[in-house]
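Peer 1: Would you mind keeping the following structure in view while I ask a few things?
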Protein chains: 2
Amino acid sequence: MRGVVMYAPGDVRVEDREDPTLVEPTDAIVRLTATCICGSDLWPYRGAEPVDHQPMGHEYVGVVEQAGDGVRDVAVGDFVVGSFWASDNTCEICRSGYQAYCIHRVLMGTIGTQAEKVRVPLADGTLVATPGQPDADLVPSLLAASDVLGTGWFAAVAAQAGPGRTVAVVGDGAVGLMGVLAARELGAERIIAMSRHAERQALARSFGATDIVTERGDAGVAHVRELTGGLGAHSVIEAVGTQESMMQAIHAARPGGHVGFVGVAHGVSLPGEDLFGAGIHLHGGPAPVRRFLPDLVRRIWDREIEPGKVFDLTLPLEDAAEGYRAMDERRAVKVLLTV
Amino acid sequence: MRGVVMYAPGDVRVEDREDPTLVEPTDAIVRLTATCICGSDLWPYRGAEPVDHQPMGHEYVGVVEQAGDGVRDVAVGDFVVGSFWASDNTCEICRSGYQAYCIHRVLMGTIGTQAEKVRVPLADGTLVATPGQPDADLVPSLLAASDVLGTGWFAAVAAQAGPGRTVAVVGDGAVGLMGVLAARELGAERIIAMSRHAERQALARSFGATDIVTERGDAGVAHVRELTGGLGAHSVIEAVGTQESMMQAIHAARPGGHVGFVGVAHGVSLPGEDLFGAGIHLHGGPAPVRRFLPDLVRRIWDREIEPGKVFDLTLPLEDAAEGYRAMDERRAVKVLLTV
């Protein structure tokens, strides 16, 4: 089969890889319909994380082609969406809603879903089948649920977005935009998107943002405070992962407020004195997407939400390298790869 | 009147200070019955915070001697307990339960309650009157409510201690011990006190600890994990404020667990990658003691709890310097000063 391999930073190739096979009885083989490139794939692409001949990708939708003897809840022929962490969904940690920390978890990114097929471990605990074969226009939205929507949703839940709340969103990438959508769906009263890019601002508004703040850092914090009677936002979604974005998020929240952070942290160091002084709630990390998947799939299937709008460039898998370039140069918010 | 002044690190004196007078109509003058020395007073005593002729103390109980024209809820002659932050208890932040961040807050430590009398700003929003004049044996417990109990209670609430939960407590000082008491009162199933000192271990057990872990750092974390099926504690109370104690607390919690931190942070820097990886909830800072005071006063008045046991040395105000020495040398957990 064909699959994407990152040889080194900046060097992405599509090449022949061995077809996956069932290893454990709980595995399924999924023939992908679509996959995509994640903002977090840009960290190794830009040399901020080591990479060496790594099969890439952790987002995926497709049709089950084979299922191991131990698989009960999905069947050959099912159209499925899965999380970027494979999880058993039965251990104590999974049952508490933290499937990204399942005691048997497997990171799909180590397997690589930017390919024609993928082996999904712990298929029952990882995959969610749609009610039937989806219309083509639903595929991007279902694919978004695999990570960016699930991650933005988790950030909004971690930030306790809800009725009566003002939510600030730090980061205008795909996850930040999905955070805007999630905050709206969760009933937030006011959603402040922090963005300097006109197209991303427009997309944020289309997902439910009520205000735009263009400043960053202390100036951005000051503007959020100005919009919230000097107190700061009730809820802040952090979807970048840098020192500046984390401090911006922490300082933009009011005392007792909630910060949900999902940007993969790189070189971040939080001063304890600042945290002690801020009096906020801080929660984040890799999103337990599986917790939210059944609900998200239903919302998409019923056409209540259209997260697939976040994909602004669609390319065939074979052109993955161009997709990476487009995201790296911020020419695209998020790239869908058709298989 | 007589009052404690810290001239410089290690140099504590009791001297004549001017009697306080009403400044604002919302002020009250309280004649103190007892006050005490806080673990946080040791930071400047040890030179870890700058100090220069500072009136000391922020914990207090006593009798209202004068009340401004604007004071409605406490009256001359009332026995009162107050928080270490004066707060109006009516602003939006106070109403959300974060009185330590009241938009009109005043830090009692800047006024100094290790004295015969103290001016309490925002008396209605700060003080809670007891149902009558307390029996002498209730005074230490009521005094504890002013800070250490209120702070330990907040930490336990922030850590979501409750039925079915295993709570680990990092720090065996007065606040950590009060965290143990709070966790028990909140219904925690198992309470692991982390302590290397035999007397403090005994005190922790008397407050409700079910297990003792004597190791620190990674070894302490490993022991907590061993006691919790490899997963970590549901709830962790951090009551020290150092880099080691914060990391110990974060790593001792399971994914999705809650860390409540109330140790005043000194030189702490939290690696973003660690926080992202841990998947915990983190909440803390100066405790909004006023939120809990009515409930805590009732529990003490009804003799349901006896937090006053945390005082293991009682001295007259005049001997404050010896009290500081005893706490600095860890000869005493917490020193009560009679006035």
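Peer 1: Using a label point 7 Å beyond Cα on the Cα-Cβ vector, give me the inter-copy distances for A:Asp69 in nanometres, one decimal, shortest first.
Peer 2: 9.0
Peer 1: Then there's this: Hey, got the dipole for region A:14-134? About the Cα centre, +1 on K and R Cβ, -1 on D and E Cβ, debye to the nearest 20?
Peer 2: Its charge dipole is roughly 300 debye.
Peer 1: Which value in nm describes the separation of the simple spin-label points at B:Asp135 and B:Asp19, placed 7 Å from the Cα toward the beta carbon?
Peer 2: About 3.4 nm separates the two model spin labels.
Peer 1: Let me ask another. Please state the shape class of region B:28-127: rounded when a/c is under 1.5, otherwise prolate if a/b exceeds b/c and oblate if not, all from the C-alpha gyration tensor.
Peer 2: Working: a/c = 2.36, a/b = 1.31, b/c = 1.80.
Taking the square roots of the gyration eigenvalues as a ≥ b ≥ c, region B:28-127 is oblate.
Peer 1: Moving on to the next point. Please list, ordered by chain and number, the residues whose modelled amide H lies under 5 Å from the amide H of A:Arg2; skip anything fewer than 5 residues away on the same chain.
Peer 2: Under 5 Å from the amide H of A:Arg2 lie the amide H atoms of A:Arg17, A:Glu116, each far enough along the sequence or on another chain.
Peer 1: When you take every Cα atom in region A:152-284, what is the radius of gyration, and what is Dmax, the widest Cα pair distance, in Å?
Peer 2: 12.7, 38
Peer 1: To continue, here is another question. Between region B:267-336 and region A:117-146, what's the alpha-carbon centroid distance in Å?
Peer 2: Here the two parts' Cα centres lie 51 Å apart.
Peer 1: I would also like to ask the following. Please turn the phi angles of region A:33-48 into ³J(HN,Hα) values with the Karplus equation 6.51 cos²θ - 1.76 cosθ + 1.60 (θ = phi - 60°), one per residue in order, whole Hz, x for glycine and proline.
Peer 2: In residue order, the calculated couplings are 8, 7, 9, 7, 9, 9, x, 6, 5, 6, 4, x, 4, 8, x, 7 Hz.
Peer 1: Now for a different question. Given q = 0.05, 0.06, 0.10 Å⁻¹, what are the Debye log10 I(q)/I(0) values for the protein assembly as shown, with equal point scatterers placed on the Cα positions and solvent ignored?
Peer 2: Log10 I(q)/I(0), no solvent term: -0.27, -0.39, -0.92.
Peer 1: Among DSSP beta bridges lying fully in region A:152-284, give the percent that are antiparallel, nearest 5.
Peer 2: The answer is about 5 percent antiparallel.
Peer 1: So, one more: What length, rounded to one decimal in nm, is gained on full extension from A:Arg331 through to A:Met1, with 0.36 nm per residue of separation minus their alpha-carbon distance?
Peer 2: Between A:Arg331 and A:Met1, full extension yields 115.9 nm more.
Peer 1: Right, here's the next one. Compute the semi-axes of the equivalent ellipsoid of chain B, taking the square root of 5 times each eigenvalue of the Cα gyration tensor, and list them largest first in whole Å.
Peer 2: Values for chain B, descending: 33, 21, 19 Å.
Peer 1: Based on DSSP, what percent of beta bridges with both residues in the protein assembly as shown are antiparallel, to the nearest 5?
Peer 2: Once the DSSP bridges in the protein assembly as shown are tallied, antiparallel ones form about 60 percent.
Peer 1: Please order B:Leu270, B:Leu122 by the number of other Cβ within 10 Å, starting at the fewest. It would help to have the intermediate numbers written out before the result.
Peer 2: Details: B:Leu270 22, B:Leu122 27.
Starting with the residue having the fewest Cβ neighbours, the order is B:Leu270, B:Leu122.
Peer 1: Every other copy gets compared here: list the nm distances from the A:Ile103 label point (7 Å along Cα to Cβ) to its counterparts, shortest first, one decimal.
Peer 2: 5.0
Peer 1: Moving to a separate point now. Which one of B:Leu296, A:Trp153, A:His197 is farthest out on the positive end of the charge dipole of the protein assembly as shown, using unit charges on Cβ (Lys, Arg +1; Asp, Glu -1) and the Cα centre as origin?
Peer 2: Of B:Leu296, A:Trp153, A:His197, it is B:Leu296.
Peer 1: While we're on this one: Working from the pairwise distances between different alpha carbons, so that the mean of 1/r is found and then inverted, what is region A:114-227's Kirkwood radius in Å? It would help to have the intermediate numbers written out before the result.
Peer 2: Numbers: mean 1/r = 0.0646 Å⁻¹.
Mean inverse Cα-Cα distance, inverted, gives 15.5 Å.
Peer 1: Quick one: of the DSSP bridges fully inside chain A, what percent are antiparallel, nearest 5?
Peer 2: Details: 32 of 57 bridges.
Counting DSSP beta bridges with both partners in chain A, the antiparallel share is about 55 percent.
Peer 1: Please state the charge dipole magnitude for the protein assembly as shown, taken about the Cα centre, from unit charges on C-beta atoms (+1 on K and R, -1 on D and E), reported in debye and rounded to the nearest 20.
Peer 2: Computed about the Cα centre, the dipole is about 660 debye.
Peer 1: Right, another one. Per-residue Cβ counts within 10 Å, from other chains only, averaged over B:277-289: what number is that?
Peer 2: 5
Peer 1: Provide an ascending nm list, one decimal, of label-point separations from A:Pro9 to the equivalent residue in each further copy; define each label point as 7 Å from Cα along Cα→Cβ.
Peer 2: 4.2
Peer 1: Give, rounded to the nearest 20 debye, the magnitude of the charge dipole that region A:200-339 has about its Cα centre when Lys and Arg contribute +1 at Cβ and Asp and Glu contribute -1 at Cβ.
Peer 2: It comes to approximately 380 debye.
No value in this document is a laboratory result; all are computed from the given coordinates. Predicted model, so just to flag it, every value in this text is computed and none were measured. So basically every Cβ, Gly included, is an ideal-geometry build from the backbone, and we count neighbours across all protein chains shown.
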